[in-house]
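Asker: Encoded as structure tokens, here's the structure I'll be asking about.
The values are calculated or read from the model by the stated rules, or taken from the named source; none is laboratory data. The structure presented is a predicted model; accordingly, all values stated were derived computationally and were not measured. Virtual Cβ from ideal backbone geometry, glycine too; neighbours counted across all protein chains shown. Side chains are part of the model used for accessible areas, which takes the heavy atoms of the whole protein and leaves out ligands, DNA and RNA. Shrake-Rupley method; radii C 1.70, N 1.55, O 1.52, S 1.80 Å.
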Amino acid sequence: QVQLVESGGGLVQAGGSLRLSCAASEGTFSNYVAGWFRQAPGKEREWVGTIIRSGGTTFYANSVKGRFTISRDNAKNTVALQMNSLKPEDTAVYYCAAGRSGTVDGRSSYDYWGQGTQVTVSS
């Protein structure tokens with residue numbers, strides 16, 4: 001079992017930045033692909049981005065490409081989501097997830113999920 005705990009959410013004005021962190025309990029976190037998802041009120045949970053095991057390659061949803069950056073530190077079992085130029089439509093609960101196989105943007109590809117952290121962007 002991998003336990004994931006997100007932190008770093010909060011309230012920020014449009015145009016601002018936030019950095020989310022996700023800490024994994026599993027010492028072999030480097031064996032997992034790590035993804036970020038978000039869910040706004042009344043909407044489906046949507047994929048934000050993914051970083052591969054080594055951290056050498058990242059993938060992003062079009063809605064966040066160029067504004068968000070995912071990084072990971074396998075020595076510390078952490079993954080981060082740096083969010084810049086935030087927009088009100090980025091308001092959501094953000095979840096980190098870990099998985100071993102499947103498509104990078106598919107929810108079913110991820111076996112472990114954090115509890116989520118709220119991000120609110122005011123206009």
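Asker: Mean-square fluctuation check for the chain, GNM, Cα pairs under 10 Å: which of 106, 42, 55 is largest?
Answerer: Among 106, 42, 55, the largest GNM mean-square fluctuation belongs to 42.
Asker: Can you tell me the relative contact order of the stretch 14-123? Whole percent, Cα pairs under 8 Å, sequence separation 6 or more.
Answerer: Once divided by the residue count of the stretch 14-123, the mean separation gives 32 percent.
Asker: Can you work out ³J(HN,Hα) from phi for every residue in the stretch 105-119, in order, using Karplus 6.51 cos²θ - 1.76 cosθ + 1.60 and θ = phi - 60°, giving whole Hz and x for Gly and Pro?
Answerer: Per-residue couplings from phi come out as 9, x, 4, 6, 6, 10, 8, 10, 9, x, 7, x, 9, 7, 10 Hz.
Asker: So if we plug the beta-carbon distance of residue 73 and residue 3 into 1/(1 + (r/R0)^6) with R0 = 22 Å, what FRET efficiency do we get, rounded to 0.05?
Answerer: 0.80
Asker: Summing +1 for each Lys or Arg and -1 for each Asp or Glu, what net charge is found among the other residues whose Cβ lies under 12 Å from the Cβ of residue 50?
Answerer: Surrounding charge for residue 50 is +2.
Asker: While we're on this one: For the chain, set up a Gaussian network in which alpha carbons nearer than 10 Å are linked by springs, and say which option among 43, 76, 87 fluctuates the most.
Answerer: The residue that fluctuates most here is 43.
Asker: If one computes the Cα centroid of the stretch 4-52 and of the stretch 100-123, what distance in Å separates the two points?
Answerer: So the two Cα centres are separated by 6 Å.
Asker: Kindly write out, for the stretch 85-90 in residue order, the coupling ³J(HN,Hα) from the Karplus curve 6.51 cos²θ - 1.76 cosθ + 1.60 (θ = phi - 60°), rounded to whole Hz, with x marking Gly and Pro.
Answerer: Those phi angles translate into 6, 5, 10, x, 6, 7 Hz.
Asker: Now for a separate question. Each residue of the stretch 65-72 in turn: what ³J(HN,Hα) in whole Hz from Karplus with 6.51, -1.76, 1.60 and θ = phi - 60°, glycine and Pro shown as x?
Answerer: Couplings: 4, x, 10, 10, 9, 9, 9, 8 Hz.
Asker: Tally Lys and Arg at +1 and Asp and Glu at -1 over the other residues with C-beta under 15 Å from the C-beta of residue 92: what net charge comes out?
Answerer: Net charge around residue 92: +1.
Asker: What accessible area per residue, rounded to a whole number of Å², is obtained for the chain using a probe radius of 1.4 Å?
Answerer: Normalised by residue count, the accessible surface of the chain is 49 Å².
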